[in-house]
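No lab work stands behind these numbers, since they all come straight from the coordinates. No experiment lies behind these values; they were computed from the predicted model shown. Using ideal geometry, Cβ is built from the backbone for each residue, glycine included, and neighbour counts are taken over all protein chains shown.
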Amino acid sequence: MGLSELTLSPRLVKLTPRSGISIRRTLPHRSIRTIGAWCFVDHYGPTDQANAMSVAAHPHTGLQTVSWLFSGEIQHRDSLGTIQIIKPGELNLMTSGLGIAHSELSVNKDIQLHGVQLWVVLPEKDRNIAPAFAHHSDLPTFDLDSMTVRLIMGELLGHESSAKTFTPLVGAELLFRDKSKVELSLNKDFEYGFLIDSGSVEINGELVAEGNLHYIPPGSEVVSISASKNSRIMLLGGLRFEEPIVMWWNFIGRSHDEIVEMRNAWESGSQRFANFKDQLDGRIPAPEMPNIRLTPRSNSVLFQR
Ligand code: MN
């Protein structure tokens, strides 16, 4: 069966066992594991809940975390010594490489928290690089008819984000100032996902409900988006990521044994994930390994309906 357009519904999960906010997770999905190198899509809020984001120190490997807010403020701290508040329209981009630890905390309780937390898997040649953190507050913003584009990563319509990428990909927020229909040019080598945050939105004529992620396989040169006033959509795209990977907890590796090694490093307090100070003053222990061996999986999507 070939690749076809597909709408993914989110699963509802808790952010952490302690912090109760509910997250809508559309990737990984049983039908589609990755879109380009985008491998994790969490969508949350708007919520008034105090301490909406209160995630103590935890590790990452083999990925980039892409933090993007529609409203609210979060303070990020990490094992490189970074302390960085993120606000709407700004990007916090953390490249774990071989290993990093970080924590995230809502800091302005008067503003509803609303946004997305995304992961990008790093390719084999870069996945063990030194960790890095970058904050971008000057991302390209431009209009296409009545749609305003905030370009987060990659290139779109002749604009380019300065955020560091390791595989060909694009990420952007699309905001409709008025009800309209837009024909957006695509890179036909890319596959795409359109996550509907809010609004009444049709992608290529198909109504896609809020919270759903509409997948478009490689080969399209244009997408038609009809949206009501104030609709907000996240566009995620990229070259299909073909390397088999193992995603477990906050780690991305290539084998079961590698994941065990990463888990042991975190549990033993190894310098692979250096200590740092924050207001939460704690660390999240890794879950137990499952009783089965983790198997590397490629993005050979089960495109069955
Ligand atoms: Mn994290």
Got a sec to turn the phi values of the stretch 27-42 into Karplus ³J(HN,Hα) couplings, 6.51 cos²θ - 1.76 cosθ + 1.60 with θ = phi - 60°, whole Hz, x for Gly and Pro?
-> 10, x, 10, 5, 8, 9, 8, 9, 10, x, 8, 5, 10, 7, 10, 10
Restricting to aspartates and glutamates and to Cα separations under 12 Å from Lys229, and discarding same-chain partners fewer than 8 apart, the set is Asp178
³J(HN,Hα) across the stretch 94-102 via Karplus (A = 6.51, B = -1.76, C = 1.60, θ = phi - 60°), whole Hz, x for Gly/Pro?
-> 10, 9, 6, x, 4, x, 8, 10, 8
May I ask you to evaluate 6.51 cos²θ - 1.76 cosθ + 1.60, the Karplus curve with θ = phi - 60°, for each residue of the stretch 275-290 and list the ³J(HN,Hα) values in order in whole Hz, giving x for glycine and proline?
-> 6, 8, 9, 8, 6, 7, 6, x, 9, 8, x, 5, x, 5, 5, x
Fewest-first ordering of Leu236, Leu151, Leu157, Leu6 by Cβ atoms within 10 Å yields Leu157, Leu6, Leu151, Leu236
Take the Cα atoms of the stretch 12-238, find their three principal axes, and give me the spread along each one in whole Å, biggest first.
-> 44, 42, 36
C-alpha center-to-center spacing [the stretch 203-218, the stretch 59-109] in angstrom = 28 Å
Sort Asp278, Asp78 so the one with the fewest other Cβ atoms within 10 Å of its own Cβ comes first.
-> Asp278, Asp78
Please name which of Ile259, Asn230, Pro244 has its Cα lying farthest along the dipole of the stretch 164-305 towards the positive end, using unit charges on Cβ (Lys, Arg +1; Asp, Glu -1) and the Cα centre as origin.
-> Asn230
Under 5 Å from the placed amide H of Trp68, counting only residues 5+ away or on other chains, we find Val116, Leu118
Using a Gaussian network model of the chain with C-alpha springs under 10 Å, which one of Ser22, Ser71, Ser270 is most mobile by mean-square fluctuation?
-> Ser270
Pairs Lys87/Lys188; Lys87/Lys179; Lys14/Lys179; Lys14/Lys181; Lys14/Lys87: which are spaced more than 29 Å apart, C-alpha to C-alpha?
-> Lys87/Lys188; Lys14/Lys179; Lys14/Lys181
Which value, in debye to the nearest 20, describes the size of the charge dipole of the chain about its Cα centre when Lys and Arg Cβ atoms bear +1, Asp and Glu Cβ atoms bear -1, and nothing else is charged?
-> 700 debye
Taking the dipole of the chain about the Cα centre (Lys, Arg +1; Asp, Glu -1; charges at Cβ), the one of Val149, Ser67, His29 that reaches farthest to the positive side is His29
The helix 256-267 Cα axis meets the longest alpha-carbon principal axis of the chain at an angle in degrees, between 0 and 90 and rounded to 10, of 60 degrees
